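Below is one structure, written out as structure tokens; comments come after it.
Throughout, read-outs are computed from the coordinates displayed, never taken from laboratory work. Fair warning: this is a prediction, and the values are worked out from it, not measured in the lab. We place every Cβ from the backbone using ideal geometry, glycine too, and count neighbours over all the protein chains shown.
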Amino acid sequence: MKLKPLILTAVASMVLSGPALAVCVKPTNPEIPSGDAASGADMLKAKKAVETFVEETNKYLECGVDALNQKRAIDDMEDIAEQFNEQLRIYKAKAG
């Protein structure tokens, strides 16, 4: 599953929705397993962790963080999605 479109959609909805009343706590980046060594269960767990990370980061962005922290959070989401997709490609190539 490609997560970049999901992230872009989420960012667009965040920008349009405005700040919400919440405590601004940036979520921790999930661990991405190596596609060479990961099992199918590991990759599924990582996929779910990335999806949760994106959801939690969007909540963080909606609470009204400043522009610098907003950029950092968006960059983190894109980096995590890219890392996951890279390891998923490696896993799929291994599984052949």
(Q) If I filter region 58-71 for residues that are of a type in the set (S, T, Y) and not in a helix (DSSP H, G or I), do I get at least one hit? (A) no
Q | Residue satisfying condition, being over 14 Å from the mean Cα position of the chain (by Cα), surrounded by 17 or more Cβ atoms within 10 Å (Cβ to Cβ) and not basic (K, R), within set G64, G35 | A | G35
